[in-house]
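Trainee: First the structure, which I've put down as structure tokens, then a few questions once you've had a look.
The values are calculated or read from the model by the stated rules, or taken from the named source; none is laboratory data. What you see is a predicted model; the values in this text were computed from it and never measured. Cβ placement follows ideal geometry from the backbone for every residue including glycine, while neighbour counts extend to all protein chains displayed.
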Amino acid sequence: MCLAVPMKIVEVNGDEGFVGSSGLKRKANFSLIKDPKIGEYVLLHAGFAIERVKEKEALKTLKILRDI
Amino acid sequence: MKYVDEFRNRRLIDKVAGEIRRAADPKRTYNIMEVCGTHTMSIFRFGLRSLLPENIRLISGPGCPVCVTPNEYIDKAIAIANMKNVIVATFGDMLKVPGSYSSLEKEKAKTADIRIVYSSLDALDLAKKHPNKEVVFLGIGFETTAPTVAQSVIIAGKSAVENYSVLCGHKTMPEVMEALVKDGPSAGSGPVLSKAAHGMSAASKDGSIKVDAFLLPGHVSAIIGLKPYGFLSKIYKKRCVVSGFEPLDIMQAILMIIRQARPEVEIQYKRIIEKNGNPLAKKSIKNVFEKCPSVWRGIGCVKNSGLKIRKSYGAFDAELRFKPRIKKTRDNTRCFCGYILKGLKTPYDCPSFARGCTPENPIGACMVSSEGTCAAYYKYGKDTLKPR
């Protein structure tokens with residue numbers, strides 16, 4: 001139920017727009033995040049972007065894991 | 001898929017597994033509860049249990065919203081679905097959940113107009129498309145889903161969609177976790193584990209729950225942040241790590257739990273989680289909902305663990321609008337869901353598991369939901385896994 005998928009913003013029209021991943025395009029509502037921008041990755045849950053994905057943190061986590 | 005494939009890297013998973021084996025104290029047992037159903041599915045799907053030493057035990061918790069939705073809610077949804085001129089819109093997982101006397105799936109097969117939707121906004125669109133019908137969305141889920149449903153109510157209010165309402169069954173995680181760590185088997189007002197029901201489980205001989213640490217739910221935490229869990233480490237001395245859902249996330253979170261020098265709440269899922277959560281989502285929840293006592297299937301009533309629609313949005317409250325009347329609810333006594341949701345038993349302990357209770361013919365909700373503990377054990381473990 002709490003499943004959420006990282007998807008890239010491809011279109012923004014106010015609070016609404018589209019996100020995409022692996023050739024899939026999906027309608028999304030951006031009213032729960034501030035200033036959505038095309039190209040950013042967001043976490044999509046039940047049609048809403050609920051949070052941004054932070055690339056810097058993702059890379060840091062992977063570095064920590066590689067350095068173990 | 002970006003941010004998914006990197007966190008499924010087999011070589012790195014093996015590396016972390018090796019480090020877990022080195023870091024874990026062989027003289028003690030680590031009982032770690034994964035609270036969220038999405039974690040449970042991921043742990044099974046990627047076979048993570050097999051990578052862990054014997055003394056690290058993963059215990060599934062109450063974090064599957066479909067599983068903890070009580071019969072009373074299903075009975076009310078069915079009563080509304082059978083009213084004239086009503087369309088009930090729901091997430092697909094809810095269809096097969098058995099109520100006291102029927103399920104939404106069975107009612108749909110008769111005459112009820114029940115539609116599966118992916119989002120509350122799809123239900124709102126249905127209401128716009130069918131202005132002469134009443135569209136009722138079944139609002140279930142934890143803090144991850146609650147703001148999305150709150151937004152649908154706010155949007156319905158702004159765009160004057162008067163034929164849309166929500167049957168609110170939302171629940172919140174920290175309160176039920178407190179009930180579990182504080183009261184153990186007697187958490188809530190549900191059944192207490194009888195002596196005869198003891199066996200292989202996370203419960204100790206005196207019936208108290210023995211969870212040393214929690215893998216905290218990543219997406220609930222994306223909304224609420226860390227603060228609501230503070231009591232777990234400060235008062236109850238439980239080690240806590242907010243974890244993502246890919247196999248590397250979960251393995252790293254387990255390593256972080258083992259390495260904690262003293263109990264605290266840490267974040268593994270840093271690419272998503274902000275310490276204070278998502279302020280817009282929290283505000284949305286607060287605007288539309290207020291806290292209330294809530295009944296959890298198998299656990300019973302837990303204070304402040306539910307959300308109900310505020311009076312200011314009362315026009316969108318399906319319970320007020322339709323006042324569904326239901327017969328006395330009844331529970332199936334052959335089902336161990338209550339014990340399983342509390343982490344006191346595993347599906348292997350249930351007399352009905354795979355013998356009468358299957359995903360095709362579920363007796364309990366834990367076998368219905370794709371994220372239910374019994375469904376996970378059935379799909380991935382019924383033939384190959386030994387009870388641990």
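Trainee: Restricting to the stretch B:298-310, give me the number of residues that are surrounded by 24 or more Cβ atoms within 10 Å (Cβ to Cβ) and either within 14 Å of another protein chain (Cβ to nearest Cβ) or in a strand (DSSP E or B) (or both).
Mentor: Qualifying residue count for the region: 4.
Trainee: So, one more: Among what's in the stretch B:281-297 and is surrounded by fewer than 17 Cβ atoms within 10 Å (Cβ to Cβ) and touching a Lys or Arg at 6+ places or on another chain (Cβ under 7 Å), pick the residue that is farthest from B:G338 (Cα to Cα). Walk me through how you get there before you give the answer.
Mentor: Quick first cut of the stretch B:281-297, residues surrounded by fewer than 17 Cβ atoms within 10 Å (Cβ to Cβ) only: B:283, B:286-287, B:290-293.
Retained after the next criterion (residues that are touching a Lys or Arg at 6+ places or on another chain (Cβ under 7 Å)): B:290, B:292-293.
Details: B:E290: 26, B:C292: 21, B:P293: 18 Å.
Here the residue is B:E290.
Trainee: Further question on the same structure: Counting only residues that are within 20 Å of B:K283 (Cβ to Cβ) and not in a helix (DSSP H, G or I), which one in the stretch B:212-240 is nearest to the other protein chains (Cβ to nearest Cβ)?
Mentor: The qualifying residue nearest to the other protein chains (Cβ to nearest Cβ) is B:G225.
Trainee: Also, I was wondering about something else. Within the stretch A:6-26, track down each residue that is within 18 Å of B:D5 (Cβ to Cβ), more than 8 Å from chain B (Cβ to nearest Cβ) and within 13 Å of the chain's Cα centre (by Cα).
Mentor: Across the stretch A:6-26, the qualifying residues are A:M7, A:V19, A:G20.
Trainee: If you don't mind, there's one more thing I want to ask. Out of the residues in the stretch A:27-36 meeting the condition of being facing chain B (nearest Cβ under 9 Å) and surrounded by 14 or more Cβ atoms within 10 Å (Cβ to Cβ), tell me which one is farthest from B:V117 (Cα to Cα).
Mentor: Ranking the candidates gives A:I33 first.
Trainee: Within 12 Å of chain A (Cβ to nearest Cβ) and over 25 Å from the mean Cα position of the chain (by Cα): is that true of B:I140 in this structure?
Mentor: no
Trainee: Sticking with this one: Count, please, the residues in the stretch A:37-68 that happen to be within 10 Å of the chain's Cα centre (by Cα), farther than 15 Å from B:P279 by Cα and more than 9 Å from chain B (Cβ to nearest Cβ).
Mentor: Adding up the residues that qualify gives 4.
Trainee: What are the pairs, 6+ residues apart or on separate chains, where a residue within the stretch B:14-35 that is among the aromatic types (F, W, Y) has its Cβ under 6 Å from a residue that is surrounded by 13 or more Cβ atoms within 10 Å (Cβ to Cβ) and at pLDDT below 95?
Mentor: If the second residue must be surrounded by 13 or more Cβ atoms within 10 Å (Cβ to Cβ) and at pLDDT below 95, the pairs left are B:Y30/B:D212.
Trainee: Among the numbered conditions (1) more than 23 Å from B:C67 (Cβ to Cβ); (2) touching a Lys or Arg at 6+ places or on another chain (Cβ under 7 Å); (3) crowded, with 21+ Cβ neighbours inside 10 Å, tell me where B:L180 comes up short.
Mentor: For B:L180, the exception is condition (1).
Trainee: Test B:G338 against the criterion of being buried (at least 24 other Cβ atoms within 10 Å of the Cβ) and in a loop (DSSP other than H, G, I, E, B), and give yes or no.
Mentor: No; evaluated as a whole, the condition is false for this residue.
Trainee: How many residues are over 18 Å from B:C168 (Cβ atoms) and in a helix (DSSP H, G or I) when one looks only at the stretch B:311-333?
Mentor: Summing the residues that are over 18 Å from B:C168 (Cβ atoms) and in a helix (DSSP H, G or I) in the stretch B:311-333 gives 0.
Trainee: Also, quick follow-up: So B:L51 passes all but one of these: (1) farther than 17 Å from B:A112 by Cα; (2) in contact with a Phe, Trp or Tyr (Cβ under 7 Å, 6 or more places away or on another chain). Which condition number does it fail?
Mentor: (2)
Trainee: Taking the stretch B:261-279 only, how many residues are without any contact (Cβ under 8 Å) to a residue 12 or more places away in the chain and aliphatic (A, V, I, L, M)?
Mentor: 1
Trainee: Would a scan of the stretch B:289-300 turn up a residue that is charged (D, E, K, R) and over 21 Å from B:T145 (Cβ atoms)?
Mentor: no
Trainee: Looking at the stretch B:241-267, which of the residues that are of a type in the set (S, T, N, Q) and more than 20 Å from the chain's Cα centre (by Cα) is farthest from A:K63 (Cα to Cα)?
Mentor: Going through the qualifying residues, I end up with B:Q260.
Trainee: Scan the stretch B:340-372 residue by residue and report those that are acidic (D, E) and touching a residue at least 24 places away in the same chain (Cβ under 8 Å). Step through it out loud before you land on a result.
Mentor: We begin by selecting, within the stretch B:340-372, every residue acidic (D, E); these are B:349, B:360, B:371.
Within the stretch B:340-372, B:D349, B:E371 meet the criteria.
Trainee: Scan B:E246, B:E264 and give me the residue that is among the acidic types (D, E), within 14 Å of chain A (Cβ to nearest Cβ) and touching a helix residue (DSSP H, G or I) at 6+ places or on another chain (Cβ under 8 Å).
Mentor: B:E246
Trainee: When only residues in the stretch B:281-292 that are without any contact (Cβ under 8 Å) to a residue 24 or more places away in the chain and over 20 Å from the mean Cα position of the chain (by Cα) count, which is nearest to the other protein chains (Cβ to nearest Cβ)? Spell out how you get there, then give the answer.
Mentor: Initially, the stretch B:281-292 is screened for residues without any contact (Cβ under 8 Å) to a residue 24 or more places away in the chain, giving B:283, B:286, B:290, B:292.
Right, trim to over 20 Å from the mean Cα position of the chain (by Cα) and you get B:283, B:286.
Values: B:K283: 9, B:K286: 13 Å.
Selected residue: B:K283.
Trainee: Mind listing just one residue for me: the one in the stretch B:78-124 that is within 19 Å of the chain's Cα centre (by Cα) and part of a helix (DSSP H, G or I) and, of those, farthest from A:A4 (Cα to Cα)?
Mentor: So the residue we want is B:M94.
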